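Encoded as structure tokens, the structure appears first; notes follow it.
The values are calculated or read from the model by the stated rules, or taken from the named source; none is laboratory data. None of the values given here were measured: they were computed from a predicted structure. Quick reminder, even Gly has a Cβ in these numbers, built from the backbone with ideal geometry, and neighbours come from all protein chains shown.
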Amino acid sequence: MLKLGVNQCDNETYHGDRTFKSSSTLKLFLKDPREYYKRYVLGEERDEMYKSAYDFGSYMHSLLLEPDKTDEEFAVFEGATRRGKAYQEFKSNNEGKTIITASQAQQALDLYNLYHEHLDTQGLIENGLAEHTLCVELDGMPIKVRADYIKEGMIIDVKTSSDPVDKFSAAKTIIRFDYDLSAALYVDAFKKYTGQDHDFIFAFLNKQNGDVGILKASETLLENGRKKYKTAIKRLAEAEKSGIYFKEGIQEVDLPSWAEFKEWIKRSYFVWLEIIKML
């Protein structure tokens, strides 16, 4: 069971706790309250495709950040898929461990080698603490964060991605998956507990070609993420109080803000064309 302050715990304990809310739960509630209700209120399991991707990410993190614990926490199944009698027997013989396939293990090992060969990563994950768990209260809600790696003045978040990892492409990835929310939540949580500011560093690793991108979250990016997590906390607190997590029935759909802006740009363009014709 997690408690306020620093916690020494494994992944299972961290993810199994329902008292403290993580960045993942806030992002899910903000994006899809109905799915949040299914997972965290009704306790429904996510599908196998999601679990497979999640387990691969966890294995990759273990290799990079806590290699001495990898064999204790993971078992490699030689079959092609996590199905069938052979898989079930293997799972039973490795109770308590996360199962990944041999192809996933090989892909993770290849990425691990590419990551450590890259000049930009030299010394990045050294002289600090891996999988550092902290629980605090933010805006009246119990929050938990688990930093991939933390060192003096720096929180490092390792991400595998199928997208390009240059700063322009990565910015789109960060916004699409609400990584800015996570960054702001982590920075604010550690600020509240330690009283110190931390830079938030994204260490992106492209799964397709092994490219590495080391990127620092700007203040603008953090402020955008801060607005998101504060909105999520406010709405989630209201949902927990009322017991209403999402609306049912017929609802009105409107243009998202980005589409409204796009339409405004288009209209302005044609207005200026008409003005130019009149000159």
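A few comments on the model shown:
- Per this entry, residue 233 is not counted among residues that are surrounded by 10 or more Cβ atoms within 10 Å (Cβ to Cβ), modelled with pLDDT of 90 or more, outside any helix (DSSP H, G or I) and out of contact with any Ser or Thr (no Cβ under 6 Å at 6 or more places or on another chain).
- Pairs where the first residue, in segment 239-255, is within 23 Å of residue 141 (Cα to Cα) and the second is part of a loop (DSSP other than H, G, I, E, B) and hydroxyl-bearing (Ser, Thr, Tyr), C-beta under 8 Å, 6+ apart: 239/245
- Subset of segment 1-23 (residues that are part of a helix (DSSP H, G or I) and free of Cβ contacts under 8 Å to residues at least 24 places away in the same chain): 12, 13, 15, 16
- Filtered residue count, segment 200-214, keeping only those that are in contact (Cβ under 8 Å) with a residue 40 or more places away in the chain and farther than 21 Å from residue 27 by Cα: 9
- Residue match in segment 182-196 (condition: of a type in the set (A, V, I, L, M, F, W, C), modelled with pLDDT of 95 or more and out of contact with any Asp or Glu (no Cβ under 9 Å at 6 or more places or on another chain)): yes
- Taking segment 156-201 as the range and being assigned to a loop (DSSP other than H, G, I, E, B) and of a type in the set (Asp, Glu) as the test, the residues that pass are 163, 166, 178, 197.
- Hey, residue 156 surrounded by 17 or more Cβ atoms within 10 Å (Cβ to Cβ) and either within 30 Å of residue 196 (Cα to Cα) or among the acidic types (Asp, Glu) (or both) or not: yes
- Where helices (runs of 4 or more DSSP H) fall entirely within segment 66-128, those with at least 3 residues that are buried (at least 17 other Cβ atoms within 10 Å of the Cβ) and in contact (Cβ under 8 Å) with a residue 60 or more places away in the chain are at 102-117.
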